[in-house]
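Okay, structure first, notes after.
The values are calculated or read from the model by the stated rules, or taken from the named source; none is laboratory data. The structure presented is a predicted model; accordingly, all values stated were derived computationally and were not measured. Heads up, the Cβs are rebuilt from the backbone with ideal geometry, glycines too, and the neighbour counts pull from every protein chain shown. Accessible surface areas use protein heavy atoms only, side chains included; no ligands, DNA or RNA. Shrake-Rupley method; radii C 1.70, N 1.55, O 1.52, S 1.80 Å.
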Protein chains: 2
Amino acid sequence: MATPKPKWLTASEQQAWRAFLVASQLVDERLDRQLQRDAGMPHAYYAILVGLSEAPHRSVRMSELARRLRYSQSRLTHAISSMERNGWVERRDCDTDRRGQLVGITAAGASALADAAPGHVAEVRAAVFDRLNAEQVGQLAEICAQIITGMDEPETARRRRAPPRGGG
Amino acid sequence: MATPKPKWLTASEQQAWRAFLVASQLVDERLDRQLQRDAGMPHAYYAILVGLSEAPHRSVRMSELARRLRYSQSRLTHAISSMERNGWVERRDCDTDRRGQLVGITAAGASALADAAPGHVAEVRAAVFDRLNAEQVGQLAEICAQIITGMDEPETARRRRAPPRGGG
């Protein structure tokens, strides 16, 4: 099979790529550490509690929550089972869809979230937003939104649109 | 203890923060999936091979490699042990520092890296750089570098510099 010549990253792309990898890893580790230490939960549980607290009626279909958080079904199920044991969430069958399962936040979950939120927000500020000006906040939102949009396109659409390979 | 009033994220900060979390998670999962599928290694091993291949004499102190990749010592040791079993890296004691241990890339490791690189770079392009213009590449590099710099400051320096809390 003919291998197309790789289009290596330019120096500035490489710089951006490595900085992005390191920054996202450091931010992820730091936020997880802070939440584990101060609230006894990993970052993923916090995100789930936020998602549930914002849902209408404070409950949502498991599949919809997985889609919104971009978690795999198995990752979400694992987290929800553990959070259920903490008494933070509860599952029940969906009245209108026999295959669907709803998950909702309990009073204890809402209270855990309320307790965790101030320390978490302070850490997010210290890690990210204290460093950036308003213009950069907009740039970061735009850049990440474009990456997400690209990632959500089906593989076939990406392939169709990709420039022809090889040559050079 | 008096609790300072939390300075919640503004709408635009919240938008940027959520997009950053989702984008970094999706990029991380996608790159890891691609490397596992096509090269039989997680993304972390790829980053280690790159780090070693760029080091002078193709070997580096374990502590220095951990620092450069921002991996914990235990995470790096675990990865290196597994890569050693693959024959991709080798450890040896440092001549000039009895406490230091050097790790180097083997010919098999260099070959695994060379085989993996074209597919990996194509995936990085598809996931990130095909979406961004040159200006955004520069913005992303700058934003992430600022986040990293902030994270590298010792905690005490951050506290000293932080604006006074409370009020409002």
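Along Cα-to-Cβ, 7 Å out, sits the label point; list in nm, shortest first, how far the one on B:ARG70 is from those in the other copies.
Those label-point separations list as 1.8 nm.
What is the Cα radius of gyration of the protein assembly as shown over 2.2 N^0.38 Å, N being its residue count?
1.10
Using a cut-off of under 12 Å, list every residue of region B:23-64 whose amide N is near the label point 7 Å from the Cα of B:ARG92 along the Cα-to-beta-carbon line.
It comes to B:58-60, nothing else.
Using protein heavy atoms only (no ligands, DNA or RNA), what is the total accessible area buried between A and B, 1.4 Å probe, nearest 100 Å²?
5600
Residues of B:118-128, mean number of Cβ from any other protein chain within 10 Å of their own Cβ, rounded to a whole number?
Average per residue, whole number: 5.
Any idea what the A:ASP115 label distances to the other copies are, label 7 Å down the Cα→Cβ vector, nm, shortest first?
Going from nearest to farthest copy, the values are 5.2 nm.
So what is the 222 nm mean residue ellipticity for chain B from helices alone, if each DSSP H run of at least 4 adds -39500 (n - 2.57) and you divide by all residues, rounding to the nearest 500 deg cm²/dmol?
The per-residue figure over chain B is -21500 deg cm²/dmol.
For chain B, with a Gaussian network of springs between Cα atoms less than 10 Å apart, report the residue from B:ARG30, B:ARG91, B:ARG131 with the top mean-square fluctuation.
B:ARG131
What are the label-to-label distances in nm, one decimal and shortest first, from B:ARG37 to the same spot in the other copies, with labels 7 Å along Cα to Cβ?
When each copy's label point is compared with this one, the spacings are 3.8 nm.
Can you return the aspartates and glutamates within cross-link range of B:LYS7? Criterion is Cα-Cα under 12 Å, with same-chain partners fewer than 8 residues away left out.
A:GLU123, A:ASP130
For peptide A:25-33, how many partner chain Cβ atoms fall within 10 Å of a residue's Cβ, on average?
Across A:25-33, the average partner-chain Cβ count within 10 Å equals 4.
Give or take rounding to whole Å, what are the principal axis extents of the alpha carbon atoms in chain B, in descending order?
Result, largest extent first: 61, 44, 28 Å.
For region A:1-56, which chymotrypsin sites (Phe, Trp or Tyr not before Pro) are in a loop by DSSP, counting at most 13 other Cβ atoms within 10 Å?
Here the sparse-neighbourhood loop sites are A:TRP8.
With just the Cα atoms of region B:25-101, tell me how far they stretch along each of the three principal axes, in Å, largest first.
The principal-axis extents, from largest down, are 42, 24, 22 Å.
Distance in whole Å from the A-onto-B rotation axis to the closest C-beta of chain A, together with the residue it belongs to, please.
With distances in whole Å, chain A gives A:SER24, 2.
Between region B:68-116 and region A:42-99, what's the alpha-carbon centroid distance in Å?
40
Could you give me the ³J(HN,Hα) list for region A:18-32, computed from phi with Karplus coefficients 6.51, -1.76, 1.60 and θ = phi - 60°, whole Hz, x at Gly and Pro?
Going residue by residue, I get 5, 5, 4, 4, 5, 4, 5, 5, 5, 5, 4, 5, 5, 5, 5 Hz, with x marking Gly and Pro.
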